[in-house]
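One structure is given below, encoded as structure tokens.
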Amino acid sequence: MKDKMRKVLQLFLVFFKIGAFTFGGGYAMIPLIQKEVVDNKKWITDDDILEIIAIAESTPGPIAINSATFVGYRTCGFFGAFFATLGVVLPSFVVILLISFVLREFQNLKAVKYAFNGIRAGVLALLIKALWGMYKKCPKGWVSYVIIGTAFVVVAFLKINVLYVIIGCAAFGLVTSLVAERRSRT
């Protein structure tokens, strides 16, 4: 019981740190989550991270919160999920609460505007790193490239709801896998 409580506390602290020192939302947190829970703590594997991200992206809510919940649950059950989620949410909540009081006074200062421009550039770099990491882990082949390209075009240019795109990608992947499996049997 004592070991489980220690691990729950570690989950809280790891996700609190991730939540406190990451700007740009959930996608920017993915490389940090992977580094902490896979590389440093070895609570889950790289394959688990891909599954968790796929599930977190497919379920309602922010990806960072969903990822923290799934990692926490897989590591320590209900209490792990609760405290990992609390850890990732608490820093943002406190910061937003404080900033909301202060920002109204300083929002027109050039230094503040420049700082936010710098933060945006850093967030873009983190998003590209997360995309590259996911691409390297993704199975390569014509099916994957068709899904990637079609999903991008449909979401970016045709403005179709992401939920429909995710369902369509899952269905396409399932159908092509079943067809390939059937072909390999004959």
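Seen from Gly77, the other residues with C-beta closer than 12 Å to its C-beta sum to a net charge of +3, counting Lys and Arg as +1 and Asp and Glu as -1. Surface composition of the chain: carbon and sulfur atoms hold 71% of the protein heavy-atom accessible area at a 1.4 Å probe.
Taking the C-alpha atoms only, the angle from helix 110-137 to the longest principal axis of the chain is near 30 degrees. Accessible area per residue (1.4 Å probe, heavy atoms of protein chains only) ranks Cys138, Cys76 as Cys138, Cys76, with the largest value leading. Among the lysines of the chain, pairs at least eight places apart or on separate chains and with Cα atoms under 13 Å apart come to 5.
When only Cα pairs below 8 angstrom with a gap of at least 6 residues are kept, the chain shows a relative contact order of 23 percent. Lys7 sits among other residues whose Cβ lies under 15 Å from its own Cβ, and their net charge, with Lys and Arg +1 and Asp and Glu -1, is +4. Over all projection directions, the Cα-based convex hull of the chain averages an area of 14.0 nm². Of the residues Glu51, Glu36, ranked by 1.4 Å probe accessible area with the largest first, the sequence reads Glu51, Glu36.
In this view, the solvent-accessible surface of Phe12, computed with a 1.4 Å probe and all protein chains in place, comes to about 40 Å². Quickly estimate the mean residue ellipticity at 222 nm for the chain, helices only: each DSSP H run with n ≥ 4 gives -39500 (n - 2.57), and the total goes over all residues, rounded to 500. After summing the helix terms and dividing by residue count, I get -28500 deg cm²/dmol.
Give me the distance between the Cα centres of region 58-72 and region 133-160, rounded to whole Å. Each part's Cα centre sits 22 Å from the other's. Only protein heavy atoms count here; under a 1.4 Å probe, Arg74 has an accessible surface of about 120 Å². Taking all protein chains together and a 1.4 Å probe, the residues Ile30, Ile119 rank Ile119, Ile30 from largest to smallest accessible area.
Against the chain, whose longest principal axis comes from its Cα atoms, helix 63-106 is set at around 50 degrees.
To the nearest 10 degrees, how steeply does helix 142-156 sit against the main Cα axis of the chain, on a 0 to 90 scale? Helix 142-156 sits at roughly 50 degrees to that axis.
The values are calculated or read from the model by the stated rules, or taken from the named source; none is laboratory data. Since the model is a prediction, treat every value here as computed from it, not as a measurement. As a convention, Cβ positions derive from the backbone with ideal geometry for all residues, glycine included, and neighbour counts pool all protein chains shown. Just so you know, the surface numbers come from the protein's heavy atoms only, side chains and all, with ligands and any DNA or RNA stripped out. Shrake-Rupley method; radii C 1.70, N 1.55, O 1.52, S 1.80 Å.
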